[in-house]
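The values are calculated or read from the model by the stated rules, or taken from the named source; none is laboratory data. Computed from a prediction, not measured in an experiment: that's the story for all the values here. Glycine gets a Cβ as well: all are built from the backbone with ideal geometry, and neighbour counts include every protein chain shown. Only protein heavy atoms, including side chains, enter the accessible area calculation; ligands, DNA and RNA are left aside. Shrake-Rupley method; radii C 1.70, N 1.55, O 1.52, S 1.80 Å.
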Amino acid sequence: MRTLRDLAVGRRPLVASIVWLALLGAVLPARAQDDGKLRIGVLLPLTGPFASTGKQMDSAIRLFMAQNGDSVAGRRIELVVKDDSGNPDIARRLAQELIVNDKVHALAGFGLTPLAMAVAPLATQAKMPLVVMGAATSSVTEASPFVVRSSFTVPQVVTVLADWAVKNNIRRVVSLVTDYAPGVDSERYFSQRFTAAGGHVIEALRVPLRSPDFAPFLQKVRDGKPDALFAFVPAGQGAALMKQFTERGLDKAGIQLIAEGSVTDDDIVNTMGDVALGVVTTHHYSASHNSPTNKAFVDAFVKANPGMRPNFMAVGAYDGMRLIVEAARKTRGAGGEAMVEAMKGQAFESPRGPISIDAATRDIVHNVYVRRVERSGGQLWNAEFETVRDLKDPGKSR
Ligand code: PHB
């Protein structure tokens, strides 16, 4: 006999998805069953090319649980963690299983935009909060009224970088971004802001998401003789970009590297060597952020995960857990739409600085910092030197 799950994850994904969506309504009352638990379904890229992101997020979620206990509003918190390996089709199938079989009350994780986009329609259908802890394309929160974001948005950070570049006499730039949604956002929002202030983007290059070879693109950059290269690549890929930047002699040719902060993410910046010194980036989190909350977070993270340094993916996951648990406390574990409502307007001190959830857009509001890679205590850090406070996503005011 074919089960509901067989129908949901059968060989013909489109047909199966339609059948699944139709049947989901019938099983929703079962999901609401109250066994005194709060189940959180967590989808992370724990294997594959984005495994460093999954590992950071997983470590931070576990740290949050260890620090805050495993119950809220009289319910035991149960994490159901699954590996989507960075593949949107797998993420969709696993989300179906989490909703139908595991009967989770909320979905969380989403280290890449395509993963969040693949699952968002299921959250709408199941009326279930979907907390985006990693993905950063502006439109992610518009994919479902059940999406709440604890990570950041690419337009938030690249517009601040464009302003900094103009103020620092950078006039001619080549942009080089990964060819998928957040890369396209980076290219667009950087270019619009930079051009409006009198700068010129002389060439816009896009590299593939999977196994990118930066060398031919960097050769083109070198030939264009810009003042600076503006780059975006997702967390984990910056080290390869940096290596090839030097190998192609762009540093010697006097081309400055400015980048969206994922390029020098804290997971890898210390492995980059001297070539990274002086690279200017903008982002919402640096492990060297100078606050008591961050110092306590970094110390606890390093103690629990020797050899690792938390990056912005870890902080997005840590703060996302707090959003979920606070919402469950407020709603006494009601779940569903009430839980999303209870996340709107939440505000607290994060390791990154003060944050809040914009009640109108369900998107994150936080500081964006301009940072420079510096050596301190024998290690490389993203040292923050300017702050733009309480920034909303510029992508929402189109
Ligand atoms: C995304 O896919 O939205 C994403 C992933 C990694 C990043 C930034 C954005 O570093």
**Report entry** Pairs where the first residue, in region 244-256, is at positive phi and the second is outside any helix (DSSP H, G or I), C-beta under 9 Å, 6+ apart
**Finding:** G254/K225; G254/D227
Query - Checklist (1) open to solvent by less than 40 Å² (accessible area, probe 1.4 Å); (2) part of a strand (DSSP E or B); (3) of a type outside the set (D, E, K, R) applied to F190, failing item - result: (2)
Requested in this report: Go through region 146-165 residue by residue and tally those that are within 15 Å of the ligand (Cβ to nearest atom), outside any helix (DSSP H, G or I) and not aliphatic (A, V, I, L, M).
Outcome: 5
Query raised in the report: Within region 164-186, can one find any residue that is under 22 Å from A116 (Cβ atoms), of a type in the set (K, R) and open to solvent by 40 Å² or more (accessible area, probe 1.4 Å)?
Result: no
**Report entry** Only one of V275, V280 that is closer than 23 Å to V388 by Cβ and either more than 16 Å from the ligand (Cβ to nearest atom) or of a type in the set (F, W, Y) (or both)
**Finding:** V280
Query raised in the report: If we keep just the residues of region 263-275 that are β-branched (V, I, T), assigned to a helix (DSSP H, G or I) and open to solvent by 10 Å² or more (accessible area, probe 1.4 Å), which is farthest from G236 (Cα to Cα)?
Result: V275
Report summary line: Those residues of region 201-216 which are under 22 Å from A162 (Cβ atoms) and of a type in the set (K, R) amount to R206
Query raised in the report: Which one of these is more than 15 Å from the chain's Cα centre (by Cα), closer than 20 Å to V302 by Cβ and among the basic types (K, R): R332, R375?
Result: R375
Report task. Assess whether L63 counts as being touching an Asp or Glu at 6+ places or on another chain (Cβ under 9 Å) and farther than 25 Å from Q125 by Cα. Result -> no
Query raised in the report: Going through region 95-122 one residue at a time, which ones are buried (at least 24 other Cβ atoms within 10 Å of the Cβ), more than 16 Å from the ligand (Cβ to nearest atom) and under 23 Å from Y180 (Cβ atoms)?
Result: A95, L107, L122
Query raised in the report: Of A259, A253, which residue is within 16 Å of the ligand (Cβ to nearest atom), under 19 Å from R171 (Cβ atoms) and either open to solvent by 10 Å² or more (accessible area, probe 1.4 Å) or out of contact with any Asp or Glu (no Cβ under 8 Å at 6 or more places or on another chain) (or both)?
Result: A259
Query - Any strands (runs of 3 or more DSSP E) falling wholly within region 276-371 and containing at least 2 residues that are at pLDDT below 95 and out of contact with any Ser or Thr (no Cβ under 7 Å at 6 or more places or on another chain) - result: none
Report task. Give the residue that is farthest from the ligand (Cβ to nearest atom), with candidates limited to residues of region 127-145 that are closer than 23 Å to R329 by Cβ and surrounded by fewer than 24 Cβ atoms within 10 Å (Cβ to Cβ). Result -> K127
Query - Residue that is farthest from L44 (Cα to Cα) [pool: residues in region 209-241 that are part of a loop (DSSP other than H, G, I, E, B) and within 14 Å of the ligand (Cβ to nearest atom)] - result: P212
**Report entry** Residue match in region 58-65 (condition: aromatic (F, W, Y), within 18 Å of the chain's Cα centre (by Cα) and more than 16 Å from the ligand (Cβ to nearest atom))
**Finding:** yes
